[in-house]
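**Student:** Questions regarding the structure given below will be posed in turn.
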Amino acid sequence: MAETIFDPNIIKDQNLVYKRTDHMKEKALSYCPGCGHGTAHRILMEVIEEMGIQEKTIGVSPVGCSVLAYDFMNVDMQGAAHGRAPALATAIKRLMPDKFVFTYQGDGDLAAIGTAETIHACNRGEHITIIFINNGIYGMTGGQMAPTTLPGMRSSTSPYGRDEATMGHPLRMTELVATLPGTCFVTRQAVHTPGNVRKAKRALRTAFELQTRKIGVSFVEIVSNCNSGWKMTPVKANTWMEENMFPYYPLGDIKVPEKID
Amino acid sequence: MKELRLMKGNEAIAEAAIRCGCDAYFGYPITPQSEILEYLMVEKPHERTGMVVLQAESEVASINMVYAGAGCGRKVMTSSSSPGVSLMQEGLSYCAGAELPCLLVNVVRGGPGLGTIQPSQADYFQSTKGGGHGDYRLIVLAPSSVQEMCDFVGLGFDLAFKYRNPALILTDGAIGQMMEKVMLPASVNRWTEEEIKQQTPWATTGKPADRPANVITSLELDSAKQEKVNQKLQAKYAEMEKNEVRFERIQCDDAEYLFVAFGTSARICQKSIDLARAKGIKVGLLRPITLFPFPKDEIEKLAGQVKGMLSVEMNAGQMVEDIRLNAKGKCPVEHYGRFGGIMPSPDEVLKVLEQKFIGG
Amino acid sequence: MTEEIIIAGFGGQGVLSMGKILAYSGVMQDMEVSWMPSYGPEMRGGTANVTVILSSERISSPIINQYDTAIILNQQSMDKFESMVKPGGTLLYDPNGITRHPERKDINIYKVEASMEASNMGLTKIFNMIVLGSFIKIKPIVQIENVIKGLKKSLPERYHHMIPDNEDAIRKGMEVSVPVQLLS
Ligand SMILES: Cc1ncc(C[n+]2csc(CCOP(=O)(O)OP(=O)(O)O)c2C)c(N)n1
Ligand code: SF4
């Protein structure tokens, strides 16, 4: 196309409907184009901005593609060793009970090497929020099988597809932690459409608000894509996610706390 | 059948494991060694030899699976890179305490902490001085070519079983990721049930009526007995120091100066030697192949011959302590290191040698 | 005889596989070879490079910072590696996307319009083979028959139907490089 379709004159204050939250640092995201991590980061930071709790929030980043989350999220953060984020969050919350504390973890981090930390933080009912990005694969290390990899799904360490007989079954960590009395709110969301983004954001808001009630872990899974690891275009990855991931990992609330009036 | 191939160091380790009759591999992905697990998964060793390959949920799990497999008298191995190997230290200490023969590969990356994924030799202390708690040693092999990556898998298992001790292949991301020609050995069969019982009568293979139950443990609460256990371990390490020291001498006979380096650094130094000799500087290289047992006597002997030794390492100065200890003051010993995943270049190494000893 | 080569460009340009085929060609000629890649997240769209050494003797260091030949496929690599060519050595580059052309006076410089040729042939994927063809023409260290054998060895079976296209590209590459500066 020869002529430009973008008219710079439309940038006026009265036309502004949406902008980058300054709770995201001014730094280009290191994620692959189309990856869900970026959207998840943004709505998380929007929630913190809208609640006005930046000063009272401490985050824990994992090891995985989001290892550099602290480069993007404009709140105080600690980088955990692989899988240990819930242990760090436990200590942070115990020492500073009035803070809002969250972890942000991938499926390898949360559901493989960090299973013990996840289960026990949930079982102790720590008053923290755990955000679990489930893309069914190890993105950072180049596409190895994750505990959440679907049956028959190919990865570099399940090159012939995940064989449940020898590699186990995809782990529904979210349903699992929902059975623990220490969790108060457990939900599964997605961020690949505007509607889902809105719902996921509302869930994050609820999760953070619940921290003040001190009734246990609020746990938000976000089923996401990994177009690089799945070796698909971003658009294809999203369709594939809807067709394959959602049937196994159905979206919606799994456990909600009793209302207080 | 022997076979010549162009392979990455990591792949050579995996293929060698299948060919040398390894019974099981347990591991967890981490860069720069994930190709070992990936290669094994592609090759379906279960179909080729019956070898078990499992992606564990963590390195803690991997090393404990190795402990148990070794306890059954099987040839089992794991591999990881620095952060993962740190996680394995507890399990390794238990393996050493229970005298379990097994093989570990550490494809080292720069630390401390999560560090970098680029090559490093910063895990020398951890590897050669024990690493976990208690008085123990690993047999440490340091390959400097893809061929040696392949060869040391079989050698590592042999030594591990000879001494009932964990063996470690200490390598780094450069050799792991590099491709070279490699002559793969012919396949040998995995041990049969009968052979396992014969080779490892101590293993938990199921108690028949005619022998007492076998127990694999590192626990001995009676201090007097625990001291005996330790003395036995120390005697074993002394035996290794007597029999198993391996090293390579490169242009040492007429050398006036000496590089001491292992693994990737040793390769770099070989090029530095060419550059030096072209300038008329007589330099040689002592390349320790076993880092434990360390070539103590050879160091002492060469210290009496040369005007100076330069330890070239991709760390802040670790092996240099062992060199100084064994040079016994017979010649000056200096260190040159790069860290954080940076590898020194051959001309840089030569310049340092000239500066430190010749005054250039 | 030892030839120390760096091949550098963007991830996705086939830099690593071109190096691998070259290394395999060396194996086919009974040479000693080493192939040392840059590895890690750099590979995702960032720069990628590989050092290939072909030699009639045992190879000392696979890690070097002086090259007989630099094959350069993007600007970042030009900035980084031009100065590392040994005096009297060779630099081969694809001018596509290059904003600062090589300036050294003490090396041989060739260019090859490989990306243009590849799109003319309607086969952008064999871009790297055109470059490889130019290289083996300029430095006839490995014979084309051995390169084809190397290609077969390094390509997985399921891609073997692409070998004829690759061979065409190599032959094309042998014709289309042009000297920019030759030392006498
Ligand atoms: C102890 C240890 N073992 C292994 C690794 C290597 N490693 C880094 S990230 C990762 C998995 C990442 O997958 P996931 O948690 O699903 O996150 P994603 O990258 O997909 O977002 C692994 C195995 C490490 N850093 N530390
Ligand atoms: S590798 Fe996958 S999870 Fe990581 S940034 Fe890319 S798309 Fe996202």
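FYI, it's all coordinate maths here, none of it is from the lab. Treat the numbers as computed from the prediction; the structure is a model and nothing was measured. FYI the Cβ positions are ideal-geometry reconstructions off the backbone, even for glycines, and counts take in every protein chain you see.
**Student:** Determine the principal axes of the Cα atoms in chain A, then give the extent along each, sorted from largest to smallest and rounded to whole angstroms.
**Tutor:** Per principal axis, max minus min of the Cα coordinates gives 58, 50, 34 Å.
**Student:** Out of the trypsin sites (Lys or Arg not before Pro) in region A:1-63, which ones are loop residues according to DSSP with at most 16 other C-beta atoms within 10 Å?
**Tutor:** Those satisfying the criteria are A:Lys12, A:Lys19, A:Arg20, A:Lys25, A:Lys27.
**Student:** Among the trypsin sites (Lys or Arg not before Pro) in region C:75-166, which ones are in a DSSP loop with at most 16 other Cβ atoms within 10 Å of the Cβ? Mind listing them?
**Tutor:** Here the trypsin sites (Lys or Arg not before Pro) that fit, given the DSSP loop and packing criteria, are C:Arg100, C:Arg104, C:Lys105.
**Student:** Mind listing which trypsin sites (Lys or Arg not before Pro) in region B:295-342 are in a DSSP loop and have 14 or fewer other Cβ atoms within 10 Å?
**Tutor:** Answer by residue number: B:Lys307, B:Lys328.
**Student:** Calculate the translational D of region C:1-71 in whole µm² s⁻¹ from Stokes-Einstein, where the hydrodynamic radius comes from the Kirkwood formula applied to all Cα pairs, the temperature is 20 °C and the viscosity 1.002 mPa s.
**Tutor:** Here the translational diffusion coefficient equals 176 µm²/s.
**Student:** Check region A:31-255 and count each lysine pair with an alpha-carbon distance under 22 angstrom, considering only pairs eight or more places apart or from different chains.
**Tutor:** Lysine pair count for region A:31-255: 11.
**Student:** Counting each DSSP H run of 4 or more residues in chain C as -39500 (n - 2.57), what helix-only mean residue ellipticity at 222 nm follows after dividing by all residues, to the nearest 500 deg cm²/dmol?
**Tutor:** Using -39500 (n - 2.57) per qualifying helix, the result is -10500 deg cm²/dmol.
**Student:** What is the mean number of Cβ atoms from other protein chains located within 10 Å of the Cβ atom of each residue in peptide B:53-61, rounded to a whole number?
**Tutor:** Mean partner-chain Cβ count within 10 Å for B:53-61: 5.
**Student:** Can you tell me which aspartates and glutamates have their Cα less than 19 Å from the Cα of C:Lys137? Leave out same-chain residues fewer than eight positions away.
**Tutor:** Correct list for C:Lys137: C:Glu3, C:Glu4, C:Asp68, C:Asp94, C:Glu113, C:Glu117, C:Glu145, C:Asp165, C:Glu167, C:Asp168, C:Glu175.
**Student:** In peptide C:30-39, what is the residue-averaged number of other protein chain Cβ atoms found within 10 Å of each Cβ?
**Tutor:** 5
**Student:** For region B:262-315, compute the orientation-averaged projected area of the C-alpha convex hull (one quarter of its surface), in nm².
**Tutor:** Mean projected area for region B:262-315: 4.0 nm², to one decimal.
**Student:** Starting from the Cα of B:Lys328, draw a straight line to each of the lysines and keep only those under 21 Å, dropping any in the same chain fewer than 8 residues away.
**Tutor:** Qualifying lysines at Cα under 21 Å: B:Lys129, B:Lys242, B:Lys296, B:Lys301, B:Lys307, B:Lys356.
**Student:** Hey, what does the equivalent ellipsoid look like for region B:116-267, semi-axes from the Cα gyration tensor as sqrt of 5 times each eigenvalue, largest first, whole Å?
**Tutor:** Result for region B:116-267: semi-axes of 34, 22, 15 Å.
**Student:** Which links in A:Lys25/C:Lys80; B:Lys197/B:Lys232; B:Lys279/C:Lys172 stretch past 32 Å when you go from one Cα to the other?
**Tutor:** From the list (A:Lys25/C:Lys80; B:Lys197/B:Lys232; B:Lys279/C:Lys172), the Cα-Cα distance tops 32 Å for B:Lys279/C:Lys172.
**Student:** Determine by what factor the alpha-carbon radius of gyration of the protein assembly as shown differs from 2.2 N^0.38 Å, reporting the quotient.
**Tutor:** Expressed relative to 2.2 N^0.38 Å, the Cα Rg reads 1.03.
**Student:** Next up: Would you kindly calculate the translational diffusion coefficient of region B:247-358, applying Stokes-Einstein with the Kirkwood radius from alpha carbon pairs, for 25 °C and a viscosity of 0.890 mPa s, and quote it in µm² s⁻¹ without decimals?
**Tutor:** Roughly 182 µm²/s, to the nearest whole number.
**Student:** Students often check this: by mean Cβ neighbours within 10 Å, which of A:226-232, B:104-110 ranks highest, and how do the rest follow?
**Tutor:** Peptide ranking by packing, descending: B:104-110, A:226-232.
**Student:** Which of the listed residues, B:Ser272, A:Gln105, C:Ser177, is farthest toward the dipole's positive end in the protein assembly as shown, when Lys, Arg count +1 and Asp, Glu count -1 at the beta-carbon?
**Tutor:** Of the listed residues, the answer is A:Gln105.
**Student:** How would you rank B:149-158, B:188-197, highest first, on the average number of other Cβ atoms within 10 Å across their residues?
**Tutor:** Taking the mean over residues of other Cβ atoms within 10 Å, the ranking is B:149-158, B:188-197.
**Student:** For chain B, what is the calculated [θ] at 222 nm in deg cm²/dmol (nearest 500), taking -39500 (n - 2.57) for each run of four or more DSSP H residues and dividing by its residue count?
**Tutor:** -12000 deg cm²/dmol
**Student:** Give me B:Asp297, A:Asp107 sorted ascending by neighbouring Cβ count inside 10 Å, so fewest comes first.
**Tutor:** B:Asp297, A:Asp107
**Student:** Can you show me the helix-derived [θ] at 222 nm for chain A, built from DSSP H runs with n ≥ 4 at -39,500 (n - 2.57) apiece and divided by the number of residues, rounded to the nearest 500.
**Tutor:** Value at 222 nm, helices only: -8500 deg cm²/dmol.
**Student:** For peptide A:78-84, what's the mean number of Cβ atoms from other chains within 10 Å of each residue's Cβ?
**Tutor:** Per residue, the average neighbour count from other chains is 3.
**Student:** Can you work out D for chain B in µm² s⁻¹ from Stokes-Einstein, where Rh is the Kirkwood radius over C-alpha pairs, the temperature is 25 °C and the viscosity is 0.890 mPa s?
**Tutor:** 117 µm²/s
**Student:** Taking the alpha-carbon distance from B:Lys351 and a cut-off under 18 Å, which aspartates and glutamates remain once sequence neighbours fewer than 8 residues away in the same chain are dropped?
**Tutor:** List returned: B:Glu256, B:Asp274, B:Glu313, B:Glu334.
**Student:** Now, a different point. Which residues make up the longest stretch of chain C clear of GluC sites (Glu not before Pro) that lie in a DSSP loop with no more than 14 other Cβ atoms within 10 Å, not counting the sites?
**Tutor:** C:104-184
**Student:** What is the spin-label model distance, in nm, from B:Asp297 to A:Arg20 if the labels are put 7 Å beyond Cα along the C-beta direction?
**Tutor:** For B:Asp297 paired with A:Arg20, the spin-label model returns 6.7 nm.
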